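> Here it is, the structure, as C-alpha cells.
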C-alpha cells in the first residue's frame, strides 16, 4: 500500500499543455477520482503516474520513492483501461495470470491469486471461457481481476465503465467501491461522469484545461464549489446560472435578474454586500427550486414567476424546464406537481442555498 504525490507536475505535448502545475497528495488507501470534461488532462495525469507518459516538469512519488525515471513495470501499479484489452486466444484464467507468469511466479501462487481474485469478483465459473464467450460486464470484471492478482500498491482505473450499459454501470460502480473496501489499497480513478465521482470517491479532484480547480470530499464540492466551473460540473442536472445585479432597497439586499427580483437572506448580507450595484453570477441548483405547494418547511423561499417549457416525469421526481424573461433554467420538483407545458406558475427559490460568483473571475464569493 502506498500514497501518491504529484509535486507541481506539468506535461506538455509540443505547444499543448495537457496538465499544468498539478499538485496533489493522495493518502494511502484513499479512493481519489479525477473528474473533468473530455480533454481536460485527467487521463494524462494518470498515464504520467503509470509511466506511460514522461513528465515535462515536476516530481511524482509513490510512497516516498520518486518514480519519474522508473520503468512502468517497476512502479508496482496496476492499470485498468477503458478498453478491456484481453487476449482473445487465452482463457479468463490465463488472461488474469499472464503478468504473474511473466514474473515467473510459482504456479501454486498463481492459482491461489487468480482463485482469490475470481472469488472477489464473482467470476469463479468463468475461468475456462474465452473473452468472446463473455458479456461486456464480465469482460470488465476480468480486466479488473487481472489487476487484482498483481497485488499492486496503487490501482489506476481509466474510465473502466464507459463501455457498459446504464444498468450495468450502476452495478459495477458499486462492485468497484466494495472492492476498494475489501482490498484496502490506493485507488485513482478517472471519469468524465460526475455521478460516478460523487458516489465512489473518498475525494474528488476537478480538472479543467489541465488545471486543478478544486479537490475535496464530494459533499464539500457540492455545497461549496470554489468557482463557477466546479459548481456547474458537480451536480446533475447542472446548477442554473443567471447574470444579475445586487442592489439595496429599504435597507435590504436583493438579486435583480431583470425578470425576477429575490431577497438575499439577512445572514448573507455581509458576505455579498461588497458586490452591491455590481454585475455578478447567481447560481441555484435545480433541487433548490420547488413547487410552493410541496416545498419543504425549512427552506427560505422567494417566489418567482415562470412559464413551463418542458416536463420530464422521472417517477420519484419531475424535471421541469422553466423560462423567465427569456432565460431558461431547470427545476427538480415533487412528482405530485401537476405542471404542464405552457402553464404559467410560481416556483420557490430556496435562498438558503444560493451561490454568488464574481462576474470576471467566476470565483465563488463566500
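The numbers here are math on the coordinates, done by the rules we state, and not lab data. The model shown is predicted, which means the values in this text are computed figures rather than measured ones. When we count neighbours, we look across all protein chains shown, and the Cβ atoms used for this are built from the backbone with ideal geometry, even at glycine.
> Looking only at 221, 134, 156, which one moves most when the chain is put into a Gaussian network model with springs between Cα atoms under 10 Å?
Answer for the Gaussian network model of the chain: 134.
> 7 Å from Cα along Cα→Cβ at both residue 343 and residue 276: what's the point-to-point distance in nm?
Between residue 343 and residue 276, the label points sit 3.9 nm apart.
> In addition: Provide 236, 324, 38 in ascending order of the number of other Cβ atoms located within 10 Å of each residue's Cβ, fewest first.
Starting with the residue having the fewest Cβ neighbours, the order is 38, 236, 324.
> Separation of segment 19-80 and segment 202-264 by C-alpha centroid, Å?
First find each Cα centre; the distance between them is then 30 Å.
> OK, next. Could you work out the relative contact order of segment 62-217? I mean the mean sequence separation of Cα pairs under 8 Å and 6+ apart, divided by the number of residues, in percent.
25 percent
> For the chain, modelled as a Gaussian network with Cα springs under 10 Å, which listed residue fluctuates most, 72, 274, 160?
274
> Evaluate the relative contact order of the chain (contact order divided by residue number), counting alpha-carbon pairs under 8 angstrom at least 6 apart; express in whole percent.
15 percent
> Counting every Cα pair in segment 49-190, what percent are over 17 Å apart?
Of all Cα-Cα distances in segment 49-190, 61 percent exceed 17 Å.
> May I ask you to compute the full-extension gain from residue 10 to residue 28, defined as 0.36 nm times their residue separation minus their alpha-carbon distance, rounded to one decimal in nm?
Full extension of this stretch gives 4.2 nm more.
> Further question: Just to confirm my numbers, what's the Cα centroid distance between segment 145-195 and segment 284-337 in Å?
Spelled out, the Cα-based centre of one part sits 35 Å from the other.
> Multiplying the sequence separation of residue 71 and residue 261 by 0.36 nm and subtracting their Cα-Cα distance, what value in nm do you get? Intermediate results must be reported in sequence, preceding the final value.
Values: separation 190, 0.36 × 190 = 68.40 nm, distance 6.05 nm.
Stretched out fully, the residue 71 to residue 261 stretch lengthens by 62.4 nm.
> In whole Å and largest first, what semi-axes does the C-alpha gyration tensor of segment 240-358 yield when each eigenvalue is scaled by 5 and square-rooted?
They are 26, 15, 11 Å, listed largest first.
> Need one number: nm distance between label points at residue 287 and residue 165, each 7 Å from Cα along Cα→Cβ, rounded to one decimal.
2.8 nm
> Can you give the FRET efficiency to the nearest 0.05 for residue 313 and residue 238, using r as the Cβ-Cβ distance and R₀ = 30 Å?
Working: r = 20 Å, r/R0 = 0.67.
Taking R0 as 30 Å, the efficiency between residue 313 and residue 238 is 0.90.
> In vacuo Debye scattering of segment 283-343, one point per C-alpha: log10 I(q)/I(0) at q = 0.12, 0.20, 0.25 Å⁻¹?
Relative scattering, expressed as log10 I(q)/I(0), comes to -0.26, -0.74, -1.16.
> In nm, what is the difference between 0.36 nm times the number of residues separating residue 90 and residue 294 and their Cα-Cα distance?
That works out to 67.6 nm of additional length.
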